[in-house]
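The values are calculated or read from the model by the stated rules, or taken from the named source; none is laboratory data. Bear in mind the structure is a predicted one, so any value in this text is a computation, not a measurement. Because the Cβ atoms are built from the backbone with ideal geometry, glycine has one as well, and the counts that use them run over all protein chains shown.
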Amino acid sequence: MGFGQATGFGRAAAALAAVVISAPLFAGTITGGVAFPGDNIPSLTVVAVEQTSGRQFQVSTRAGQRSYRLDVPEGRYLVFAIPHGAGVEDEPGQPPLRGAYSAFSLCVLSSPEKAAAGACQDHQLLTVDVTATGTRKRIDLYDWYLPEQEKDRILAIKVETP
């Protein structure tokens with residue numbers, strides 16, 4: 001192997017190492033569906049807040065998009081959505097609208113017959129445990145009718161804008 005070949009290999013290895021080091025190590029993933037109490041799903045900001053550190057991770061969805069994916073480090077997360085667009089933005093004097101992952105979301109998915117009968121009444125926010133390389137699926141943001149206590153927990157979080 002000549003000197004030029006070794007140098008080329010060394011450069012390639014260094015470039016690969018730089019990519020690996022700059023990528024999020026041990027990232028887990030949260031995925032789920034989104035719904036909205038209206039005819040159309042507006043653009044949303046999906047926010048995951050790690051409960052120990054308060055660190056926030058977010059992703060934007062387009063109007064009409066029915067799912068999201070968010071890569072996050074290992075941790076325990078509260079996940080919610082903020083709508084954007086005409087008629088759904090926070091308005092002075094009006095209660096802010098937020099959707100979240102809650103016991104209601106689980107009930108709707110696991111017991112469609114209960115949901116249809118109006119028997120899904122628990123709206124307690126649920127935390128999502130994410131492992132270093134795991135994927136948490138079906139963290140669906142279907143609950144837009146949070147009671148004041150649960151909504152206040154979300155509204156107390158100052159969402160960082162990217």
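Is there a residue being closer than 18 Å to Thr31 by Cβ and crowded, with 17+ Cβ neighbours inside 10 Å anywhere in the stretch 144-161? Reasoning before the result, please.
Residues of the stretch 144-161 closer than 18 Å to Thr31 by Cβ: none.
No: zero hits.
Out of Val79, Val108, Val59, I need the residue that is surrounded by 20 or more Cβ atoms within 10 Å (Cβ to Cβ) and either hydrophobic (A, V, I, L, M, F, W, C) or part of a strand (DSSP E or B) (or both). Which one?
Details: Val108 fails: surrounded by 20 or more Cβ atoms within 10 Å (Cβ to Cβ); Val59 fails: surrounded by 20 or more Cβ atoms within 10 Å (Cβ to Cβ).
Among Val79, Val108, Val59, only Val79 is surrounded by 20 or more Cβ atoms within 10 Å (Cβ to Cβ) and either hydrophobic (A, V, I, L, M, F, W, C) or part of a strand (DSSP E or B) (or both).
Can you tell me which residue in the stretch 82-101 is nearest to Val128 (Cα to Cα), limited to those that are in a loop (DSSP other than H, G, I, E, B) and of a type in the set (A, V, I, L, M, F, W, C)?
Filtering the stretch 82-101 for residues in a loop (DSSP other than H, G, I, E, B) gives 85-98, 101.
Those left that are additionally of a type in the set (A, V, I, L, M, F, W, C): 86, 88, 97.
Working: Ala86: 31, Val88: 26, Leu97: 21 Å.
By that ranking, first place goes to Leu97.
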Residues of the stretch 122-141 being over 19 Å from Val72 (Cα atoms) and modelled with pLDDT under 95, in sequence order, are none
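Can you tell me which residue in the stretch 55-97 is farthest from the chain's Cα centre (by Cα), limited to those that are charged (D, E, K, R) and farther than 12 Å from Val34 by Cβ? Let's see the steps before the verdict.
Kept after step one, since they are charged (D, E, K, R), are these residues of the stretch 55-97: 55, 62, 66, 69, 71, 74, 76, 89-91.
After this cut, where a residue has to be farther than 12 Å from Val34 by Cβ as well, the list is 55, 71, 74, 76, 89-91.
Details: Arg55: 13, Asp71: 9, Glu74: 14, Arg76: 12, Glu89: 19, Asp90: 20, Glu91: 23 Å.
My answer is Glu91.
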